Amino acid sequence: AKQRNLAIAEWPTASGPADYALFCGLTLVGVVEAKRRRKNVSAAIDQSERYSTGLGADAAFSFAGGPWGEHKVPFVFAANGRSYLKQIETESGIWFRDTRRGANHRRALVSWPTPAGLTGLLE
């Protein structure tokens, strides 16, 4: 799957399986925690961050640089399938954090970044 961009479900980590691992080609760029519709997605970023620290190396793929502190992927996400609404900000949208700097805060995105968008953030 060298040239393909994939989201692979139930990716193993030291703290349980991440709901999805995001690949740009053979490079692991992010992990996603998927929650039920009524769940607080802002807080679910904590779970994605735990997955990011518990990823094991494997000859089948490469990491996107790093590690960044304890984090082995640059991008962590949490989502519950609800479109972003300012009124229920923590319970909607796609929450995102760039783990490469400790000062980077979690924030809501209106839509999923494209693989090209993620690759661009890496450069």
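The values are calculated or read from the model by the stated rules, or taken from the named source; none is laboratory data. Computed from a prediction, not measured in an experiment: that's the story for all the values here. Don't worry about glycine lacking a Cβ; one is built from the backbone with ideal geometry, like all the others, and counts go over all protein chains shown. Quick note on the areas: whole protein, heavy atoms, side chains included, nothing else; ligands and nucleic acids left out. Shrake-Rupley method; radii C 1.70, N 1.55, O 1.52, S 1.80 Å.
Numbers for the structure displayed
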{"read-out": "Check: the chain dipole with +1 on Lys, Arg Cβ and -1 on Asp, Glu Cβ, in debye", "value": "360"}
{"read-out": "(1) 7.2; (2) 7.9; (3) 8.7, with the label sought being that of the calculated mean projected area of the Cα convex hull in nm²", "value": "(1)"}
{"read-out": "Cα-based helix-to-principal-axis angle, 41-53 vs the chain, degrees rounded to 10", "value": "10"}
{"read-out": "Low-density loop cleavage sites - GluC sites (Glu not before Pro) in segment 20-99, where at most 16 other Cβ are within 10 Å (DSSP)", "value": "E70"}
{"read-out": "Whole-angstrom gap from segment 34-48 to segment 82-123, using each part's C-alpha centre", "value": "13"}
{"read-out": "Viscosity 1.002 mPa s, temperature 20 °C, Stokes-Einstein D of segment 1-48 from Kirkwood C-alpha radius, µm²/s", "value": "186"}
{"read-out": "Once exposed loop trypsin sites (Lys or Arg not before Pro) are cut out (DSSP; at most 14 other Cβ, 10 Å), longest piece of the chain", "value": "39-100"}
{"read-out": "Per-residue [θ]222 nm for the chain (sum of -39500 (n - 2.57) over DSSP H runs n ≥ 4, rounded to 500)", "value": "-5000 deg cm²/dmol"}
{"read-out": "Extension gain from R4 to N104, taking 0.36 nm per residue of separation minus the Cα-Cα distance", "value": "33.1 nm"}
{"read-out": "Inter-label distance, nm, simple model (7 Å from Cα along the C-beta direction), R38/T114", "value": "3.7"}
{"read-out": "Per residue value of the accessible surface for the chain (all protein chains in place, 1.4 Å probe), Å²", "value": "56"}
